[in-house]
Amino acid sequence: MKIKLQVAGICIVIVSLVALVFVLVRMKNYIDVSSATEVSIKYHCNGAEIDVIVTDENDIKVLKENLTGASFPENPSCGFSLDISIRFTDGDKSIVLCPARDTCSFARIGETGRYINIKDRKALETVLKKYGVIFPCV
């Protein structure tokens, strides 16, 4: 009986450690822009040279909601460019997310090989269109 309890205890510890490692890895790769105090849009495409700071709170909310999530390494065939990007800044820290230039539902994180899923591409494009950003831009 004592051995069964020890085996059960060891199994519980192992499962707990595996779950903890999984949570820590997921948190490390999680992109959270909710604390950003400034949001700016850059759109240099099709002759447009737009660089604007977003001040509308509802627009900021939509951008933050749709560009938050777990990042992942991938090599999607969508086109990305820093010339079409959204910068979230919080003090000295900032993160640049580049939505796909076509209608793909991914955004690249800066110049990295990591991506996030855009939760609602239509909502994102609706907000960006207010600032002169038009997709596709290929």
Exercise. What is the spin-label model distance, in nm, from SER34 to LYS4 if the labels are put 7 Å beyond Cα along the C-beta direction?
Worked result: 4.4
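Regarding the chain, what's the average projected area of the Cα-atom convex hull, expressed in nm²? Don't skip to the answer; put the middle values down first.
Working: hull surface 43.9 nm².
That works out to 11.0 nm², a quarter of the Cα hull's surface.
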Seminar exercise, completed: Note: region 72-138, point scatterers on Cα, Debye, no solvent; log10 I/I(0) at q = 0.12, 0.14 Å⁻¹ equals -0.29, -0.39
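Lysine pairs in the chain with alpha-carbon atoms under 14 Å apart, 8 or more places apart or on different chains: how many are there?
Close lysine pairs found across the chain: 5.
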Exercise. Comparing LYS93, LYS122, LYS42, which has the greatest mean-square fluctuation in the GNM of the chain with Cα pairs linked when under 10 Å apart?
Worked result: LYS93
For this session: Pick out which of ILE14, ILE31, ILE41 has the largest mean-square fluctuation in a Gaussian network model of the chain, springs linking Cα atoms closer than 10 Å.
Result: ILE14
Problem set entry | Derived scalar couplings ³J(HN,Hα) [region 126-137; Karplus, 6.51 cos²θ - 1.76 cosθ + 1.60; whole Hz; x for Gly, Pro] | 4, 5, 5, 4, 4, 9, x, 7, 10, 10, x, 10
For this session: Hey, can you grab everything whose amide H is under 5 Å from the amide H of ILE31? Only 5+ residues off in sequence or another chain; H modelled, so Pro and N-termini drop out.
Result: GLY69, ALA70, SER71
Exercise. So, counting K/R as plus one and D/E as minus one, what does the shell of residues with Cβ under 12 Å around ASN66 add up to?
Worked result: +1
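Give me the number: length gained by fully extending ILE53 to ARG114, i.e. 0.36 nm times residue separation minus the C-alpha to C-alpha distance, one decimal in nm.
Values: separation 61, 0.36 × 61 = 21.96 nm, distance 2.48 nm.
Going from the current span to full extension adds 19.5 nm.
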Problem set entry | Amide H contacts of PHE135 (H built 1.01 Å from N, under 5 Å, at least 5 apart or other chain) | none
Exercise. Can you work out ³J(HN,Hα) from phi for every residue in region 56-69, in order, using Karplus 6.51 cos²θ - 1.76 cosθ + 1.60 and θ = phi - 60°, giving whole Hz and x for Gly and Pro?
Worked result: 5, 4, 5, 5, 4, 4, 4, 4, 5, 5, 8, 10, 10, x
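Taken together, the values in this text are just the output of simple stated rules run on the coordinates, not laboratory data. These figures come from a predicted structure and were not determined experimentally. We place every Cβ from the backbone using ideal geometry, glycine too, and count neighbours over all the protein chains shown.
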